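Read the structure below first, then the notes.
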């Protein structure tokens with residue numbers, strides 16, 4: 001007989017999937033806002049990077065939601081309570097870039113911790129969901145590494161305006177040539 005509750009982990013796993021889908025939803029909104037804030041300060045390369053991350057968070061969330069529905073008959077519940085917090089910040093020029101990158105890095109590192117827990121749990125629930133979460137964790141860890149490296153690169157020059165402009169230009173050129181690149185494989189100098 002068909003059992004619609006195929007999830008042996010029950011509510012704990014479902015709650016974790018809710019948390020991950022919510023984080024992806026918040027990430028989509030956060031990156032969209034950050035992209036526009038960067039463009040406001042003429043940091044178009046950083047804006048394009050955020051555009052790509054917003055799109056990636058959206059696509060990852062939709063994919064995970066479909067997979068959870070198909071494999072476990074579970075529709076994740078997205079908590080929209082943090083949506084206002086995810087979109088109510090400003091980045092004011094070069095002086096706002098460093099704190100913005102620090103905030104971005106912190107968000108990704110915290111999300112990676114949640115995903116690590118989910119990967120462990122998913123290994124006992126469903127192999128397809130496990131694989132998807134592993135890929136998502138890899139993307140989030142790589143994004144955190146790229147943000148960290150970008151910050152380290154800008155630390156070398158003391159966040160000098162000219163240097164920030166060069167990094168923004170390199171990012172812009174990268175996304176102009178590789179708009180669908182999930183990994184920011186660009187040499188920032």
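The values are calculated or read from the model by the stated rules, or taken from the named source; none is laboratory data. Computed from a predicted structure; not experimentally measured. Cβ coordinates were reconstructed from backbone atoms using ideal geometry, including for glycine residues, and neighbour counts include every protein chain displayed.
For this structure, a couple of remarks:
- Residue, nearest to the chain's Cα centre (by Cα), within the range 17-39, restricted to residues that are surrounded by fewer than 21 Cβ atoms within 10 Å (Cβ to Cβ) and closer than 21 Å to residue 125 by Cα: 22
- Pairs where the first residue, in the range 175-186, is at negative phi and without any contact (Cβ under 8 Å) to a residue 60 or more places away in the chain and the second is outside any loop (DSSP other than H, G, I, E, B) and surrounded by 12 or more Cβ atoms within 10 Å (Cβ to Cβ), C-beta under 6 Å, 6+ apart: 183/142; 186/170; 186/174
- Lone unmet requirement of (1) part of a helix (DSSP H, G or I); (2) modelled with pLDDT under 95; (3) surrounded by 15 or more Cβ atoms within 10 Å (Cβ to Cβ) for residue 188: (1)
- Residue among 118, 100 that is surrounded by 20 or more Cβ atoms within 10 Å (Cβ to Cβ), within 13 Å of residue 34 (Cα to Cα) and out of contact with any strand residue (DSSP E or B) (no Cβ under 7 Å at 6 or more places or on another chain): 100
- Subset tally (residues that are surrounded by 16 or more Cβ atoms within 10 Å (Cβ to Cβ), in contact (Cβ under 8 Å) with a residue 12 or more places away in the chain and more than 14 Å from the chain's Cα centre (by Cα)) for the range 121-133: 6
- Only one of the numbered conditions (1) surrounded by fewer than 20 Cβ atoms within 10 Å (Cβ to Cβ); (2) farther than 24 Å from residue 148 by Cβ is not met by residue 112, and that is (2).
- Number of positions in the range 64-88 that are within 29 Å of residue 152 (Cα to Cα) and under 17 Å from the mean Cα position of the chain (by Cα): 3
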